Every structure is written in structure tokens, then in C-alpha cells.
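Notes follow once the structure below has been shown.
The values are calculated or read from the model by the stated rules, or taken from the named source; none is laboratory data. What you see is a predicted model, and the numbers here were worked out from it, not measured in a lab. A quick note on method: Cβ atoms are made from the backbone with ideal geometry, for glycine too, and the neighbour counts reach across all protein chains shown. Just so you know, the surface numbers come from the protein's heavy atoms only, side chains and all, with ligands and any DNA or RNA stripped out. Shrake-Rupley method; radii C 1.70, N 1.55, O 1.52, S 1.80 Å.
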Amino acid sequence: MPKGSNVTLEQLDENRWRIPRDSRPDMRVDGLVYSSLAMIGDVIGGGALEQVANVATLPGIVRASLAMPDIHWGYGFCIGGVAATDISAGGVVSPGGVGYDINCGVRLLRTDLSRADVGKRLKELAAWIFRDVPCGVGVGGPYKFDAKAVRHIMSEGCAWLVRQGLSSPDDADVTESGGCLPGADPDMVSDQAVRRGNDQCGTLGGGNHFVEVQYVERVYDAEAAAAFGLAEGMATVMIHSGSRGLGYQVCADYLKQLRNCPSKYGIELPDRQLVCAPFESPEAQRYLAAMRSAANFAWANRQLLAEQVRKSLSRFFGQSSEALGIRQVYDVAHNIAKVETHVIDGKPMRLCVHRKGATRAFAAGHEELPQRYSSTGQPVLIPGDMGTASWVLVGTDRAMDESFGSCCHGAGRVMSRTQAIAAARGRHIDKELAERGIIAKARGRNGLAEEQPDAYKDVDAVVEIAEAAGLARKVARLRPMGVVKG
Amino acid sequence: MAGHCETFDHTADMGLSAWGDSPAELLAALAGGLTDVICDRSRVRPAAVRTLRVEAQDIEALAVDFLSRLLYIFAVDHFLPAEARVTVQNRGENEIALTAELAGETYDPSRHEIRTEVKAVTYHQLKVAPEGGRWVGRVILDL
């Protein structure tokens with residue numbers, strides 16, 4: 001029974017590890033970590049298990065405090081953390097369970113272009129996208145929205161962009177929650193947050209955000225791949241970004257506003273970053289209204305990023321976006337809190353599901369899925385590191401039964417950014433990638449070093465755990481060709 | 001003697017670890033450290049001065065709020081402080097405030113190469129306290 005930073009860990013089966021509720025007096029439920037014998041060592045050493053145990057102390061938490069296979073140390077919640085609280089029994093909402101980058105997520109576009117079409121002009125194409133898609137810190141986009149327009153975006157998400165003629169109309173259906181969460185209230189978003197969002201809708205940002213041109217290297221589930229419009233050898237584009245400064249400010253504002261809630265509502269917390277309030281409280285309701293506004297802003301952001309990518313490809317290949325067969329496969333949120341109904345002990349319950357670095361993975365037949373995916377299940381988009389691969393998975397019934405319909409959200413870091421920069425010293429990450437046939441472009445000085453493939457866990461191994469544990473099924477493996485980063 | 005700030009490692013993010021002879025000196029050191037995470041602070045000129053006032057209920061929250069305000073003015077006004085002069089006012093129980101005079105300049109992409117984007121200042125494992133005759137602080141940033 002290994003010990004990981006003061007918590008007890010038991011192996012349940014090949015891919016499941018339990019932190020028993022009685023290993024700490026303040027835990028209300030077990031911790032359940034999805035990992036393998038090969039990967040659990042990094043998890044134990046990384047301090048994330050204590051965070052799983054900390055989340056297990058939240059009032060109203062049901063079933064277990066979960067950690068997906070890409071688990072690593074975050075702040076407050078671990079990254080890869082999933083926690084659901086019973087909203088009718090004093091269950092809490094914790095802004096730290098969503099994080100600063102509210103509705104950070106991934107959008108995948110498919111095309112009728114082949115790997116060869118893109119490959120023979122890859123360098124030129126990467127430079128083209130790098131020029132056309134605003135990325136990096138302090139870089140505004142071509143879209144400037146006044147406060148009134150930002151309010152519309154926060155209330156209506158992608159739908160407002162379509163009405164304004166700023167984006168094509170066919171995407172909302174294949175966007176999680178239709179690209180707009182109900183219950184958003186822009187009045188709950190501070191002027192400061194709005195100001196941070198004015199010129200950032202349609203910009204990529206820095207850090208691990210990217211636009212990547214890829215190709216479908218292998219299809220694992222022909223039926224699901226066909227339903228998603230994917231086939232081997234096809235070029236795809238993946239976009240990873242979130243709510244930009246607007247979301248960061250909303251989270252910071254509400255962590256501050258909720259500071260006194262634990263003492264007001266008699267909640268004892270092991271970490272200040274977990275500050276929370278009962279779902280029904282006015283404080284939690286205000287946060288949720290603001291968080292939903294930021295989530296809608298994030299969907300609009302990815303919509304405008306996709307629009308710029310479409311235009312860029314269209315000009316580059318001299319054909320319309322329609323003629324190139326560019327269509328959205330799906331768009332998922334991986335930092336969010338949502339009210340969902342799940343069956344707990346045979347009874348349907350309304351829960352507030354926090355996904356912090358975790359992707360919704362609903363199974364076939366779920367009422368929230370668009371009709372075209374209702375018999376396959378939801379596409380689950382897993383961005384990997386820029387040298388290896390990204391994955392498309394599909395949701396399963398087992399995920400519905402066990403993880404509130406959730407799966408991992410990426411590879412998960414193993415190296416800190418400083419370690420990654422040190423490991424890259426004297427090397428040329430862009431040249432190393434070029435030797436593997438990948439063109440990478442970044443604005444920031446440390447961008448490529450921090451995000452080098454070695455800084456991440458093996459995404460294939462993470463996906464193996466997710467599939468073996470039954471949280472999702474493999475549909476397609478995507479290989480990067482051209483990467484644009486902030 | 002002036003305070004001092006350095007970074008420490010955190011898997012996904014990065015932390016600031018600082019000390020000073022007083023809370024004010026510590027906070028000033030953290031401000032300088034934050035600029036250094038964003039870009040090379042030695043290249044930021046103290047060309048303009050801005051004043052900030054921040055209030056909070058305790059010194060730890062004050063540190064987070066102060067650094068968060070610096071991120072905000074960088075995001076919105078593109079202002080980078082090179083130096084901060086801080087004074088702290090203890091105003092009784094559950095009330096503490098600071099005034100900061102920031103000497104810096106507007107971000108200029110041609111001279112200030114961005115090292116990384118700092119999204120936010122977290123409360124995770126936050127510590128601001130007296131220790132061994134001086135004040136020490138530890139803050140984790142979300143990158």
C-alpha cells in the first residue's frame with residue numbers, strides 16, 4: 001500500500017486506484033484515480049493525490065472525488081479532476097473546480113484535403129496560419145467588440161456571431177451545449193473582466209493553446225469515425241483555447257467574492273483555493289451566472305478562431321471553405337461546471353459536475369447529444385503534445401455509470417515549465433520537430449521549449465488507460481503536421 | 001536591504017518565492033518577480049509612474065489581490081512595472097491596505113520579449129508570514 005503525500009492508495013484493478021475515505025478524517029467520499037502501474041509513480045510523486053483527497057472533503061460531493069488518467073498537480077483541484085455535488089443537499093460550487101481559464105476547450109475541424117495536399121506545402125501553410133490567427137500575449141485580434149457586444153456574446157455565445165454574420169451557421173449543433181449555456185448573466189461579470197475581453201475574442205493566447213494542422217493517421221472505430229466525418233489520410237485542424245482574459249478575471253473576481261463563504265456556511269477547507277458556496281446560495285448563483293457568461297465567450301472565441309482558420313485555408317488553397325469540405329467535428333469544454341442529471345444508486349439526481357481538465361464523454365443515446373451523434377456517442381477530443389499525437393475518442397455507458405460521463409483532457413504534464421526550458425537548452429525544438437516532419441511556430445521565447453513533447457506524459461498511454469478503464473473508446477489517432485502556438 | 005524574489009517549480013505552473021524585511025518590502029519583491037516571469041524585467045524602463053491602492057482582509061489576500069491587479073493593468077493597459085514602492089497600512093482586524101507606486105512603461109513588443117502568459121495568481125499553498133526575523137511569501141501562478 002504505497003503512501004502518496006499523506007494519503008493512502010489502494011490498487012483496485014489495472015487502471016483504478018482508490019484513496020479510501022477513512023484515510024483522512026475530513027474526507028466525505030473515496031478518491032478514485034484512473035492510472036496504470038507504469039504511470040502511478042509520477043502521480044504519487046507529483047502531489048496530486050493530496051488534491052484528490054482535498055476535493056473529497058467538499059460538502060455534498062457524491063460517489064467519489066475522481067481523477068482522470070492525465071492527472072497532475074494543479075492548484076486546488078488536481079488537473080484531470082472531476083467532482084459532482086448534490087445540489088439539493090447542500091452540495092457546493094467551487095470556482096477552483098473550474099479554474100481560471102473557464103471553458104478552455106478543443107474544437108476539431110475535418111476537411112476534404114488529404115495529408116499529401118497539406119504535406120507538400122506544409123511550411124508555407126504553417127506560416128500562413130501563423131500570420132492569420134492572432135496568438136501570443138498582448139496580441140489583440142481583428143475583432144474589436146464594445147462592452148455591449150461583449151454582453152451579447154456572453155449571453156448568446158456562438159448564436160450572436162452567426163446573427164452578426166461573423167461566422168458560419170452550421171457549427172452550433174456540433175458544439176457542446178450548442179455553444180451557449182443557459183443561465184448566463186452578463187450583469188454578474190465585472191467591468192474589468194469585460195475590458196479584458198474586448199479585443200481578445202478570436203485570439204489564441206499563450207501557454208499550451210494552439211492551432212494544429214493534423215492528419216488522421218489511423219481509424220480504430222470505422223463506424224464512429226464515419227459518423228464524425230473522419231477517414232484515414234484526411235487533414236484535420238484542431239484548435240485549443242479558452243475564455244482568455246475575460247475568464248481569468250471572472251474566476252479571480254469570484255474567488256475573492258466567495259472568500260468569506262466557507263466561514264459563513266460553516267465549511268472547513270484544507271486549501272484556500274477550494275473556496276466554495278452551497279449551490280443554492282446567492283454567492284454560488286452569481287458565480288454560476290458569471291461563469292456561464294465566460295463559457296459562452298470561450299465558445300465564441302473558438303468559433304472566431306475557427307472562422308479565421310477557414311478563411312486562411314480558403315485563401316491558401318484558393319477554394320471556398322465549403323469546397324474544401326471544412327466542417328466542424330465537435331467542440332468540447334474541459335474546464336467547466338454544469339448542472340447535469342446522473343443516476344446515483346438507481347436514482348436520477350441533479351448534480352453540479354465540475355470538470356477541471358476533464359472532458360465530457362457522454363454515451364450514445366444521451367439527450368444532450370446532437371441527432372447525428374445520438375447513436376454513436378459524443379466525440380471526445382484529446383489534444384496531445386505537439387510531437388506525438390492527438391486523439392478522438394467516443395463516450396461510453398461505463399463513463400456514464402462511473403465518471404459522470406467524463407474522460408481525460410490531454411496528456412498531462414510531467415515536467416515543470418522550468419525543467420522543460422532547462423531540458424531544451426542548447427537544443428532547437430523546432431528543428432527536432434522538423435526532423436519528425438512537424439513544422440512548429442511560436443510567438444513567445446519559451447513557447448516551444450515549455451511545450452516540447454518530453455514535457456508531457458505519453459498521450460497514447462493516457463488514452464490506453466481511458467479505454468481500458470472503459471471511460472471512452474478509441475476512434476482515431478491524429479498526427480500533428482503544422483503547429484501554431486502563442 | 002531590499003527584498004528578493006525567485007521562482008520555484010510547480011508541475012503545470014510556476015511559483016514566486018520572496019522575502020523582505022517588512023511586508024511592504026516583500027510585496028514589492030513579489031511585484032518585481034511577477035514582471036520577471038512575464039518578460040526580462042531588466043529591459044523594462046521606469047519611464048512612467050502609476051499608483052495603485054489595494055485593500056483586503058488579511059496580508060495573504062492582499063498579496064494575491066495586489067499581484068492580480070498588476071496582471072490586470074498589464075492585460076488592459078499593457079503597463080509593465082519595473083519597480084514597485086509599497087507602503088502597507090494595517091487598519092485593524094480584518095482590514096489591511098497597500099499603496100503601490102509603480103515605475104515602469106508600456107509593453108513594447110520590440111524590446112520586451114514575452115517569456116510566458118500569466119493567467120492568474122492563485123491561493124494554492126499561499127503563504128505570507130514572518131519567519132526568522134523577516135517576511136517570507138510564496139505564491140503559485142497559473143500559467
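Within chain B, which is the longest segment that contains none of the GluC sites (Glu not before Pro) sitting in a DSSP loop with at most 16 other Cβ atoms within 10 Å? Result for the longest clean stretch: B:1-92. Here B:Ala97 and B:Gln125 are evaluated by their C-beta separation; at R0 = 25 Å the FRET efficiency comes out at 0.55. In sequence order, segment A:269-279 has phi-based couplings of 10, x, 8, 4, 5, 8, 2, 7, 9, x, 3 Hz under the Karplus curve 6.51 cos²θ - 1.76 cosθ + 1.60, θ = phi - 60°, and Gly or Pro positions carry x.
Restricting the trypsin sites (Lys or Arg not before Pro) of segment A:202-275 to loop positions (DSSP other than H, G, I, E, B) with no more than 12 neighbouring Cβ atoms within 10 Å leaves nothing. Note on B:61-68: average number of Cβ atoms from other chains within 10 Å of each residue's Cβ is 2.
Averaged over peptide B:120-130, the number of partner chain Cβ atoms lying within 10 Å of each residue's Cβ comes to 5.
Atom-type composition of the exposed protein surface of chain B places 46 percent of the accessible area on carbon and sulfur (1.4 angstrom probe). Over chain B, the alpha carbon radius of gyration divided by the compact-protein estimate 2.2 N^0.38 Å works out to 0.97. Summary value for segment A:10-485: 22 percent relative contact order, contacts being C-alpha pairs under 8 angstrom separated by 6+ residues. Take each residue of peptide A:415-425, count the partner chain Cβ atoms within 10 Å of its Cβ, and average: the result is 3.
Can you send over the carbon and sulfur percentage of the accessible area for chain A, probe radius 1.4 Å, protein chains only? Here it works out to 48 percent. When accessible surface is computed with a 1.4 Å probe, chains B and A are found to bury approximately 3300 Å² between them, both chains counted. Measuring max minus min along each principal axis, the C-alpha atoms of segment B:1-75 give extents of 34, 31, 30 Å (largest first). Taking every pair of Cα atoms in chain A, average 1/r, invert it to obtain the Kirkwood radius, and report Rg/Rh to two decimals. Taking Rh as the inverse mean 1/r over Cα pairs, Rg/Rh reads 0.95. Computed extension gain for A:Asp173 through A:Asp454, at 0.36 nm per residue and net of the alpha carbon distance, reaches 97.5 nm. Shape annotation for segment A:1-155: C-alpha extents along the principal axes are 57, 44, 29 Å, from largest to smallest. For segment A:63-101, a decrease in accessible area of 30 Å² or greater in the assembled protein chains relative to the isolated chain, with a 1.4 Å probe, applies to A:Trp73, A:Tyr75, A:Tyr100. Once the Cβ-Cβ distance between B:Asp40 and A:Ala461 is put in as r, and R0 is 30 Å, what FRET efficiency do you end up with, to the nearest 0.05? That pair, B:Asp40 with A:Ala461, gives E of 0.20. Taking all protein chains into account, the per residue accessible area for segment B:24-133 stands at 41 Å² (1.4 Å probe).
For the cross-link pairs A:Lys256/B:Lys119; A:Lys457/A:Lys485; A:Lys431/A:Lys485; A:Lys485/B:Lys119; A:Lys148/B:Lys119; A:Lys123/A:Lys144, the ones whose C-alpha atoms lie over 21 Å apart are A:Lys148/B:Lys119; A:Lys123/A:Lys144.
At a probe radius of 1.4 angstrom, the accessible area of segment A:30-112 per residue rounds to 17 square angstrom. How high is the FRET efficiency between B:Thr87 and B:Ser110 when r is their beta carbon distance and R₀ equals 41 Å, given to the nearest 0.05? About 0.75, to the nearest 0.05. Accessible surface for A:Ile439 stands near 40 Å², nearest 10, in the context of the full protein assembly shown (1.4 Å probe).
Between 0 and 90 degrees, the angle of helix B:23-38 with respect to the longest Cα principal axis of chain B falls at about 30 degrees. Pairs from the list A:Lys356/B:Lys127; A:Lys120/A:Lys474; A:Lys120/A:Lys441 with a Cα-Cα gap above 22 Å: A:Lys356/B:Lys127; A:Lys120/A:Lys474. Sorting A:119-129, A:456-466 by their mean Cβ neighbour count within 10 Å, with the most densely packed peptide first, gives A:456-466, A:119-129. Here the sum of -39500 (n - 2.57) over DSSP H runs of 4 or more residues, divided by the residues of the protein assembly as shown, equals -9000 deg cm²/dmol at 222 nm, to the nearest 500.
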